[in-house]
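Participant: Dumping the structure here so I can ask a few things about it.
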Amino acid sequence: MSDISSLRKFVSPEIIFGEGARKTVANYARTFGARRVLVVSDPGVARAGWVRDVEQSLEEQGIDYVTFTDVSPNPRAEEVMKGAHFYREHDCNVIVAVGGGSPMDTAKGIGIISANGGEILSYEGVDTIHAPIPPLIFIPTTAGTSADVSQFAIISDQQEKVKISIVSKAVVPDVALIDPETTMTMDPFLTACTGVDAMVHAIEAFVSTGAGPLTDMHALDAIRLISTNLRPLVADPGNLALREQVMLGSMKAGLAFSNAILGAVHAMSHSLGGWLDLPHGLCNAMLLEHVIAYNYPNAADRFKVIAETMGLDTRGLSQTEIKARLMSAVIELKRDVGLSQKLAENGVSVSDIPVLSEKAIKDPCILTNPRKSCQRDVEVVYEEAL
Ligand SMILES: [Fe+2]
């Protein structure tokens, strides 16, 4: 009998990529038979003008809509439930999300509840959604989270101070309108956080136990695009050509990780972000080289390819030397984009580590990490990142 664990699948939304992609939103809403669209966003994205921009596109084609922007960074279960109530109250039948990971994950949650009922936190885990959710049209305004192409929704449980992961083909959007112009309003810090998040997606997807030929080329392309273009972009945030390259990298990283899943950086960063409400990309940045060091012996050949894709010359070097060079390259990239912080500077203390680790080893992302990890292993990695 063949081993089904070696089979691989690949899911992706319909993707429109390029300047002006967002302007096709009304056409897609119409194609899905929109009666009334729920536009989901957050106050920051509204201030940047992207909500009005989308509303105008809908108005021009006479499509009715209501807008929900009650979404915080690290979106909360209560916000999803409130949005789902708003969706029902206004008799919507299509959801458009415009923004970063927070509005997009909230929109996924609203879709889940509007079709399946119940409480959002009860859908934690893999393949827990049974009824198909309303059409989702996503317009990302950051180049990093890739919620616009992924089968992940990450929601904060404020009571337990933990982030839950919902992983299901049901939350892959129907259409992703990926328009680099929308990322022009990100400041250098957010550009760096989201860019490093995308880099982590690509690295974790490439060394994941779920990696394979359907995802590898996207992961490596993403590593090349982000490692080449993120530094110059943070130094020159108004450069649209660089915005486009980083967004393309982020999209490819998203396609890779949505299908190959992630690893210990994300498991540990979800735990950290739920505990202290810190930016997701910053959490990943603080953990990345420490998880690479931990995982290295179990995926040395793959890490060598990552090092080479980042432009490092590995000829004649031993495994230990390549590992050291890769870690330095990651540390330098983080430093050059302004993300050199350590956990302690962000309020993490030694006494938090056991509880953070306990939560991290329960996160579904830990399952595809190339090195099996127990709670003590995770504690040691947190300690190193302190
Ligand atoms: Fe991420």
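The values are calculated or read from the model by the stated rules, or taken from the named source; none is laboratory data. Being a predicted model, the structure only gives us computed values, none of them experimental. Virtual Cβ from ideal backbone geometry, glycine too; neighbours counted across all protein chains shown. We work out accessible area using only protein heavy atoms, side chains counted, and drop any ligands, DNA or RNA first. Shrake-Rupley method; radii C 1.70, N 1.55, O 1.52, S 1.80 Å.
Participant: Which residues, counting only those in segment 341-386, are open to solvent by 40 Å² or more (accessible area, probe 1.4 Å) and in contact with a strand residue (DSSP E or B) (Cβ under 6 Å, 6 or more places away or on another chain)? Working first, answer last.
Facilitator: Here is the first cut: in segment 341-386, the ones open to solvent by 40 Å² or more (accessible area, probe 1.4 Å) are 341-342, 344-345, 347, 349-351, 354-355, 358-359, 361-362, 367, 371-372, 374-377, 380, 383-384, 386.
LYS359 - this is the single residue of segment 341-386 that is open to solvent by 40 Å² or more (accessible area, probe 1.4 Å) and in contact with a strand residue (DSSP E or B) (Cβ under 6 Å, 6 or more places away or on another chain).
Participant: Right, something else. Only one of (1) at pLDDT 95 or above; (2) outside any helix (DSSP H, G or I); (3) within 23 Å of THR228 (Cβ to Cβ) is not met by PRO370, so which one is it?
Facilitator: (3)
Participant: So, one more: Could you give me the residue pairs with C-beta distances under 6 Å whose first residue belongs to segment 34-60 and is of a type outside the set (A, V, I, L, M, F, W, C), whose second residue is open to solvent by less than 30 Å² (accessible area, probe 1.4 Å) and assigned to a loop (DSSP other than H, G, I, E, B) wherever it lies, and which are 6+ apart or on separate chains?
Facilitator: The qualifying pairs are ARG36/CYS92; ASP42/VAL71.
Participant: In segment 1-26, how many are at pLDDT 90 or above, open to solvent by 50 Å² or more (accessible area, probe 1.4 Å) and in a helix (DSSP H, G or I)?
Facilitator: 1
Participant: In addition: Tell me, which residue of segment 257-277 that is touching a Ser or Thr at 6+ places or on another chain (Cβ under 9 Å) and away from the ligand (no atom under 12 Å from the Cβ) is nearest to ALA211 (Cα to Cα)?
Facilitator: Kept after step one, since they are touching a Ser or Thr at 6+ places or on another chain (Cβ under 9 Å), are these residues of segment 257-277: 257-264, 266-268, 270-271, 273-274, 277.
Within this subset, residues satisfying the condition of being away from the ligand (no atom under 12 Å from the Cβ) are 259-260, 264, 271, 274, 277.
On the way: ASN259: 8, ALA260: 5, ALA264: 15, SER271: 23, GLY274: 27, ASP277: 30 Å.
Top of the filtered list is ALA260.
Participant: Here is a follow-up. Going through LEU230, LEU225, LEU248, LEU220 one at a time, which residue ends up being more than 12 Å from the ligand (Cβ to nearest atom), in contact with a Ser or Thr (Cβ under 6 Å, 6 or more places away or on another chain), at pLDDT 95 or above and part of a helix (DSSP H, G or I)? Explain how you work it out, then say what you get.
Facilitator: On the way: LEU230 fails: in contact with a Ser or Thr (Cβ under 6 Å, 6 or more places away or on another chain); LEU225 fails: in contact with a Ser or Thr (Cβ under 6 Å, 6 or more places away or on another chain); LEU248 fails: in contact with a Ser or Thr (Cβ under 6 Å, 6 or more places away or on another chain).
From the options LEU230, LEU225, LEU248, LEU220, the qualifying one is LEU220.
Participant: Moving on to the next point. Output the residues belonging to segment 166-198 that are of a type in the set (Gly, Ala, Ser), assigned to a helix (DSSP H, G or I) and open to solvent by less than 10 Å² (accessible area, probe 1.4 Å). Don't jump to the end; show me each part of the working.
Facilitator: Applying the first criterion (of a type in the set (Gly, Ala, Ser)) to segment 166-198 yields 168, 170, 176, 192, 195, 198.
From what is left, the residues that are assigned to a helix (DSSP H, G or I) are 170, 192, 195, 198.
ALA192, GLY195, ALA198, listed by residue number.
Participant: Take the residues in segment 73-91 that are free of Cβ contacts under 8 Å to residues at least 60 places away in the same chain and open to solvent by less than 10 Å² (accessible area, probe 1.4 Å); name whichever of them is farthest from PRO279 (Cα to Cα).
Facilitator: Going residue by residue through segment 73-91, those that are free of Cβ contacts under 8 Å to residues at least 60 places away in the same chain are 79, 81-91.
So of that shortlist, the ones also open to solvent by less than 10 Å² (accessible area, probe 1.4 Å) come out as 83-84.
On the way: GLY83: 22, ALA84: 25 Å.
In this case the residue turns out to be ALA84.
Participant: Here's another thing I want to ask about it. Of all residues in segment 199-217, which are in a helix (DSSP H, G or I) and polar (S, T, N, Q)? Quick ask: steps written out before the conclusion?
Facilitator: Taking segment 199-217 and keeping what is in a helix (DSSP H, G or I), we get 199-207, 213-217.
The one that is in a helix (DSSP H, G or I) and polar (S, T, N, Q): THR215.
Participant: Follow-up. Could you figure out which of (1) away from the ligand (no atom under 16 Å from the Cβ); (2) hydrophobic (A, V, I, L, M, F, W, C); (3) within 15 Å of CYS193 (Cα to Cα) isn't true of ALA307?
Facilitator: The single condition ALA307 does not satisfy is (3).
Participant: Which condition from (1) at pLDDT 95 or above; (2) more than 16 Å from the ligand (Cβ to nearest atom) is the one that VAL126 breaks?
Facilitator: Unmet for VAL126, out of (1) at pLDDT 95 or above; (2) more than 16 Å from the ligand (Cβ to nearest atom): (1).
Participant: Name the single residue, out of those in segment 268-314 being over 25 Å from ARG231 (Cα atoms) and not in a helix (DSSP H, G or I), that is least open to solvent (accessible area, probe 1.4 Å).
Facilitator: Within segment 268-314, the match that is least open to solvent (accessible area, probe 1.4 Å) is ALA299.
Participant: Name the single residue that is surrounded by the fewest Cβ atoms within 10 Å (Cβ to Cβ) among those in segment 134-162 being more than 13 Å from the chain's Cα centre (by Cα) and more than 21 Å from THR24 (Cβ to Cβ). Outline the logic, then answer.
Facilitator: Within segment 134-162, the subset more than 13 Å from the chain's Cα centre (by Cα) is 134-139, 156-162.
Keeping just the survivors that are more than 21 Å from THR24 (Cβ to Cβ) gives 156-162.
On the way: SER156: 26, ASP157: 16, GLN158: 14, GLN159: 9, GLU160: 13, LYS161: 15, VAL162: 23.
Top of the filtered list is GLN159.
Participant: Moving on to the next point. Quickly run through segment 142-161 and pick out the residues that are more than 17 Å from ALA256 (Cα to Cα) and within 16 Å of the ligand (Cβ to nearest atom). Steps first, answer last, please.
Facilitator: Just the residues of segment 142-161 that are more than 17 Å from ALA256 (Cα to Cα), to begin with: 142, 154-161.
THR142, ILE154, ILE155, SER156 - these are the residues of segment 142-161 that are more than 17 Å from ALA256 (Cα to Cα) and within 16 Å of the ligand (Cβ to nearest atom).
Participant: Counting only residues that are outside any helix (DSSP H, G or I) and not hydrophobic (A, V, I, L, M, F, W, C), how many does segment 315-333 have?
Facilitator: Let us first name the residues in segment 315-333 that are outside any helix (DSSP H, G or I), namely 315-318.
From what's left, not hydrophobic (A, V, I, L, M, F, W, C): 315-316, 318.
Matching residues across segment 315-333 total 3.
Participant: Here's something else I'd like to know. Looking at segment 83-98, is at least one residue under 18 Å from SER165 (Cα atoms) and among the basic types (Lys, Arg)?
Facilitator: The answer is no; no qualifying residue exists.
Participant: A follow-up question, please. Please verify whether segment 113-133 includes one or more residues that are of a type in the set (A, V, I, L, M, F, W, C) and closer than 28 Å to PRO237 by Cα.
Facilitator: no
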